[in-house]
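Reading through the structure tokens given below for one structure.
The values are calculated or read from the model by the stated rules, or taken from the named source; none is laboratory data. These numbers were taken from a predicted model, which means no experiment stands behind them. FYI the Cβ positions are ideal-geometry reconstructions off the backbone, even for glycines, and counts take in every protein chain you see.
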Amino acid sequence: MEEREKREPQEGGQEQAFYDWRKKFDEGVKRDLKDYFQERDYVVMAVPKEEPLRVWAVRATNTARTAQRIHNLSPMAAAVVGRAIVGAILLSSLIKHGTDQKVGLKIEGDGPIGYVYVEVDGKGRVRCLVKNPDVPLFTKEVGGRTKLDIAKAIGNGTLTVIKDLGMGKPYVGVVPLVSGEIAEDIAYYLAQSEQIPSAVGIGVKLDENGQIKVSGGWMVQEMGGTSEKALKVIEEAVKKLPPVSDLLEQGKRPEDIALMIIPEELNPHLLGLKEIEYYCPCDEEMVKGVVAGLPQEEVDEIFKENEYLEVKCHFCGKIYRYTKEEVEKIKEEAQKEEENKQPSEGKEEQKNSEGENDKKDQEGKSKG
Ligand SMILES: [Zn+2]
């Protein structure tokens, strides 16, 4: 027992061989990541070997670019959404990796952007909504650098986190915005609502055309019981860390950033990674449900002036189009299904909380 407690590996012993292997393994992992994820978005998690502390680092440049294209975001809006996307990805550390569990981040204020909502699932799939995608540019001077004034675009308001663990009612936590710069607000949420002391850094840079150039961030979480010494080392490392957008611009990758936060002396290990992409799971089935739920008068009204009924998904911009005959058939089938349905209260409730959200976001729209 006593020997086990001793953490120092014995020279030449079995433990030493294991640590050598782990070190080599980490080198191998780093190399593989480099090749495979050359241009991809992903998040990595790293830990110091013997401290209950976790570090995440993410690059979400492509995801933010896709969001900018889909939602036709002005440069300012793209900067806000880009940050919110990174924030939501970091918050997805609260849900189970590889599952359909979801975390939603809503940032809402009295500023011109209105609100931004980003949803991330356990598989790293991201989608978002923006109230006003056409926000003018706000800048401020900080230490001789001109920076985007994210807080001005958002204004005073709240940060809401919706955790859907697939067990009925989602868990909702709301905190006031303390800075409006998103990173600090997420750290505040984690401390207040999840009781996890955290440090968060998020950065987005635009190119000369106002397009997303880089987008990413990092997060440190103290899980309780970290040694004073380790905390001090990490604190120093974080203090010295250049802005994450600078690092990404220089070609640094998530694993590089994670390992800058956990210096060599704390024996860092990369524990895992998750690929990130903009992906909307909306499909014909979901939309048919929305169409079936439209009141008949509304449907009649639409077809009075239009050849098609169109439903647009506000998350991905995809348009679903139906003729009058198709709508009639959808409604008929839905009715038949309704009649055959066995009453099962519990299930119904769960469906509603999810279905409603989708309905709200996939409003019926008509156009010729
Ligand atoms: Zn969609």
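Annotations
- Members of the range 255-288 found to be under 30 Å from residue 330 (Cβ atoms) and without any contact (Cβ under 8 Å) to a residue 12 or more places away in the chain, listed by number: 283, 285
- Yes/no for residue 180 being more than 26 Å from residue 96 (Cα to Cα) and at pLDDT below 95: yes
- Close pairs from the range 169-194: first of a type in the set (Phe, Trp, Tyr), partner surrounded by fewer than 17 Cβ atoms within 10 Å (Cβ to Cβ) and outside any loop (DSSP other than H, G, I, E, B), Cβ under 8 Å, at least 6 apart: 189/173
- The set of residues in the range 321-337 being without any contact (Cβ under 8 Å) to a residue 24 or more places away in the chain and either of a type in the set (Asp, Glu) or touching a Lys or Arg at 6+ places or on another chain (Cβ under 8 Å) (or both) consists of 325, 326, 328, 332, 337.
- Filtered residue count, the range 223-236, keeping only those that are within 25 Å of the chain's Cα centre (by Cα) and crowded, with 18+ Cβ neighbours inside 10 Å: 1
- Lone unmet requirement of (1) more than 23 Å from residue 187 (Cβ to Cβ); (2) aliphatic (A, V, I, L, M); (3) touching a Phe, Trp or Tyr at 6+ places or on another chain (Cβ under 7 Å) for residue 107: (1)
- Every residue from the range 267-285 that is more than 26 Å from residue 46 (Cα to Cα) and more than 14 Å from the chain's Cα centre (by Cα): 281, 282, 283, 284, 285
- Strands (runs of 3 or more DSSP E) wholly inside the range 112-151 that include at least 3 residues being surrounded by 15 or more Cβ atoms within 10 Å (Cβ to Cβ): 115-121, 125-130
- Positions within the range 17-58 being modelled with pLDDT of 75 or more and either among the hydroxyl-bearing types (Ser, Thr, Tyr) or in contact with a His (Cβ under 7 Å, 6 or more places away or on another chain) (or both), in sequence order: 42, 46, 47, 49
- Any hit, the range 69-78, residues being modelled with pLDDT of 95 or more, away from the ligand (no atom under 16 Å from the Cβ), within 15 Å of the chain's Cα centre (by Cα) and assigned to a helix (DSSP H, G or I): yes
- Just one residue in the set 88, 60, 64 is over 10 Å from the mean Cα position of the chain (by Cα) and either crowded, with 24+ Cβ neighbours inside 10 Å or polar (S, T, N, Q) (or both); that residue is 64.
- Within the range 270-281, the set of residues being surrounded by 20 or more Cβ atoms within 10 Å (Cβ to Cβ) and within 12 Å of the ligand (Cβ to nearest atom) comprises just one member, 278.
- Qualifying residue in the range 147-157 (condition: under 16 Å from the mean Cα position of the chain (by Cα) and within 14 Å of residue 111 (Cα to Cα)): no
- Scanning the range 289-320 for residues that are touching a residue at least 12 places away in the same chain (Cβ under 8 Å) and within 14 Å of the ligand (Cβ to nearest atom) yields 289, 290, 310, 311, 312, 313, 314, 315, 316, 317, 318, 320.
- Here residue 99 meets the list (1) of a type in the set (S, T, N, Q); (2) outside any helix (DSSP H, G or I); (3) modelled with pLDDT of 95 or more almost entirely, failing just condition (3).
- In the range 235-251, the residues that are modelled with pLDDT of 95 or more reach residues that are part of a helix (DSSP H, G or I) and not β-branched (Val, Ile, Thr) with C-beta atoms within less than 8 angstrom, at least six apart or across chains, in these pairs: 237/260; 241/247; 241/260; 247/256; 247/260.
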